[in-house]
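Asks: Can you keep this structure in mind? I'll have questions shortly.
The values are calculated or read from the model by the stated rules, or taken from the named source; none is laboratory data. Keep in mind that this is a model prediction, so the values were computed, not measured. Note: ideal-geometry Cβ built from the backbone for every residue, glycine included; neighbour counts use all protein chains shown. Ligands, DNA and RNA are excluded from the accessible area calculation, which covers all protein heavy atoms including side chains. Shrake-Rupley method; radii C 1.70, N 1.55, O 1.52, S 1.80 Å.
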Amino acid sequence: MPTYSASEVASLRGDRETALIAGDGGLQFVSRLRFSITGVGAGLAWLAFGLSCLRWPDIGDWPRTEVVAYTAFAIAGGIAIATTAQAALGKFGDGVQRRAPWLFALGAFLTLWELSTAKFGWLPLPFFPPPQSIVEVYTDDLPKLLDSAFASVKLQLGGYFIGAAVGFLTGVSIGWSRLAGYWVHPILRFIGPLPATAWLPIAFFTFPSAWSASTFLIALATGFPVTVLTWSGVASVSSAYYDVARTLGARPSFLVTKVAIPAALPHVFVGLFMGLGASFAVLVVAEMIGVKAGLGFYLQWAQGWASYNNMYAALIVMSLLCSGAITLLFKVRDRLLVWQKGVVKW
Amino acid sequence: MVALAKPFQPVATGASLDIKGVSHAFDIDGSVLPVLDDVSISVAPGEFVALLGPSGCGKSTLLRLVAGLEPPRAGTLEEDGVAITGPYPSRVVVFQDPTLFPWRTVWDNVALGLEAQGVLKTQRHRVDAAIDLVGLGAFKKAYPHQLSGGMAQRVALARALVNDPRILVLDEPLGKLDSLTRITMQAELVSLWQRNGFTALLVTHDVEEALFLANRVIVFSDRPARVTADITVDRPYPRHRGDPHLAELRRQILGLLGLDATW
Ligand SMILES: Nc1ncnc2c1ncn2[C@@H]1O[C@H](COP(=O)(O)OP(=O)(O)OP(=O)(O)O)[C@@H](O)[C@H]1O
Ligand SMILES: [Mg+2]
């Protein structure tokens, strides 16, 4: 049987690559040059942003303009160094170089934003605050913002974990046991599709605290998709797997924990992902309406004072947190589902 | 019946298998599809029996009944005189598809039986031995999607062998292998069987394979399957493919399968 060992294949490929590089030194140089041109462009864009802050006077009262300008200069310098000395900086240099087009776009966007708000007022104030006023929130209102973020994370984590755990267990039991399916399925069909936020008014009165009510609602929003997808995952496991395990002496408990659940995991993660999205929505609404803490509350409070810069600042934090949570979930999934090929990279 | 089975000398640990008057049918959309019709086969301990028959006649179904995955509609199946009522690891099946668990590495797939029986902790060396036996020592940590079809089939074989079955049930286990690997695996299977002394029940489409491996070849009719011939292959092992006696048997069996005109 003609087989190649993995190392043979690798060395074959390696040879070809080195040959390519040796043969195309000129091409290599050109592509490196093109990369550093993008890098220089990105540096210039940030330089332009810094200059745009200083060149014209602000049309309003924003004390952080200079700080922002000098930070932009620092970033511009950093990009310039990283892209020109890319080889010496190793991984960091590579990272900056790969992101150079984005850094350029970001610098250009900030410049435009600065000019159209703080300098020439093309966009109406206070709905479109300039970058320096958002930075001002992070420098001057940081403790309150951090407290809010922390409160949101705490509420979200508690509700999400409860909902995910309950949903997973419910899904496995109705996927596995006919009796559980008989009783739970109708309830699930009746209550599940209801948006969790519809419960808000009732929940805030019946639960002892706004916090417990919100935890319940977040758990509800998470639990429904997790239940349904776990259930469908367990139900769609090929009976051939059970046959194999049974002929090898597997007991029912083994079939559940070592066959049904691992086979259903890809579905479970889809449910966890959907549940995460749904629970973010509930979290923010709950914080806006009942809970006197958290980023939703912060947003609501900022709106009351018409301080739009605080709202944008809170939105950015919120988006970072949500995106971070999803990244984390995908990391866990990639760890647990290494056996799958071709999973989506987040 | 074409030839009567000669008395067979049992070798070692194999169990006897008695299939007595088994009939089976499936309900498909309210109509009944008869699949097995009064099948009786008696397999002595340590015997190697090959089952041949047209596609879709019910061979895999019979193997499912032997495995205990389903009860027959009529008749009984016995292992060593004890009725088969459910799956038991003394009767291990290598299915037509390898059905490896995609979330387990090769090693963990092969370890499945020992793990299910709760003896893996003390018997880890058996897993390694079984993997080495099928020549996949270098792929212990690979996942099924990283294997070729033939390699996956070999893992399935190792997963069965690791349990030291008394009856090994094989459903076209070599069907997906290239002809060279196939010949190697056939020889490997014979020596395994001779060494371990299990009783083997092999479904195959390949008449030559049946004659190369088995003490007896049983030929089925079209669906619903009935036994149309029970042929003893009384040649010593290792056998040679050019053996004129085997060629004569082959011609005879192809005739029974209605293919004599083409050969
Ligand atoms: N679970 C089932 N439900 C309904 N019909 C089935 C089922 N399993 C098998 N059959 C039918 O029983 C018949 C025999 O199937 P079986 O798989 O035993 O054939 P086979 O002899 O193994 O064929 P092949 O050689 O192609 O593998 C087929 O007509 C098939 O459609
Ligand atoms: Mg079959």
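Asks: Quick one: dipole size for region A:105-253, taken about the Cα centre, charges +1 on Lys/Arg Cβ and -1 on Asp/Glu Cβ, in debye to the nearest 20.
Replies: Values: 7 positive and 6 negative charges, 150 e Å.
Taking the Cα centre of region A:105-253 as origin, the dipole is about 720 debye.
Asks: Moving on. Could you calculate, for region A:142-336, the ratio of the Cα radius of gyration to the Kirkwood radius, expressed as Rg to Rh?
Replies: On the way: Rg = 19.4 Å, Rh = 18.1 Å.
That ratio is 1.08, to two decimals.
Asks: Right, next: Could you state the number of Å between the C-alpha centres of region A:161-212 and region B:173-245?
Replies: Each part's Cα centre sits 57 Å from the other's.
Asks: Once you charge only the Cβ atoms, +1 for Lys and Arg and -1 for Asp and Glu, what is the size of the charge dipole of chain A about its Cα centre, to the nearest 20 debye?
Replies: 1040
Asks: Same structure, new question: Quick check: with the 1.4 Å probe, what order do B:Ile183, A:Ile218 take by accessible area, largest first?
Replies: Details: B:Ile183 80, A:Ile218 0 Å².
Of B:Ile183, A:Ile218, the descending order of accessible area is B:Ile183, A:Ile218.
Asks: Starting from the amide H of B:Leu33, placed 1.01 Å from N in the peptide plane, find each other amide H under 5 Å away whose residue is 5 or more places distant or on another chain.
Replies: B:Phe26, B:Asp27, B:Ile28
Asks: Still on this structure, please answer the following. Over 10 Å intervals from 0, what percent of Cα-Cα pairs in the protein assembly as shown sits in each interval?
Replies: 3, 12, 16, 16, 14, 13, 10, 8, 5, 2, 0
Asks: Ordering B:Arg64, B:Arg195 by how much accessible area each has at a 1.4 Å probe, largest first, what is the list? Working shown, then result.
Replies: Details: B:Arg64 65, B:Arg195 150 Å².
Sorted by accessible area, descending: B:Arg195, B:Arg64.
Asks: Amide H to amide H, which residues 5 or more places from B:Phe48 or on other chains are under 5 Å from it, using H placed in the peptide plane?
Replies: Under 5 Å from the amide H of B:Phe48: B:Ala200, B:Asn215, B:Arg216.
Asks: Across region B:167-183, in residue order, what do the Karplus-derived ³J(HN,Hα) couplings come to in whole Hz, using 6.51 cos²θ - 1.76 cosθ + 1.60 with θ = phi - 60° and x for Gly and Pro?
Replies: 10, 9, 9, 10, 9, 6, x, 9, x, 9, 8, 5, 5, 5, 4, 4, 5
Asks: Excluding ligands and nucleic acids, what accessible area in Å² is computed for B:Glu115 using a 1.4 Å probe, to the nearest 10?
Replies: Only protein atoms counted, so the area is about 50 Å².
Asks: Work through the residues other than A:Asp243 whose Cβ is under 10 Å from its Cβ and net out their charges, Lys, Arg +1 and Asp, Glu -1. Present the calculation step by step, with values, prior to reporting the outcome.
Replies: On the way: positive: A:Arg246, B:Arg64; negative: B:Glu70.
So the surrounding residues net to +1.
Asks: Now a separate question. Scan around B:Ala74 for amide H atoms under 5 Å from its own, H built in the peptide plane at 1.01 Å from N, and keep only partners 5 or more places away or cross-chain.
Replies: Correct list: B:Ser23.
Asks: Turning to a different aspect of this structure: Determine the order of B:His245, B:His205 by accessible area, beginning with the largest, at a probe radius of 1.4 Å. Could you put the intermediate results ahead of the total?
Replies: Details: B:His245 75, B:His205 100 Å².
Largest to smallest exposure gives the sequence B:His205, B:His245.
Asks: Tell me, what ³J(HN,Hα) does each residue in region A:132-145 have, in order and in whole Hz, if you take phi through Karplus 6.51 cos²θ - 1.76 cosθ + 1.60 with θ = phi - 60° and put x for Gly and Pro?
Replies: 5, 6, 6, 4, 4, 4, 5, 7, 9, 10, 4, x, 5, 5
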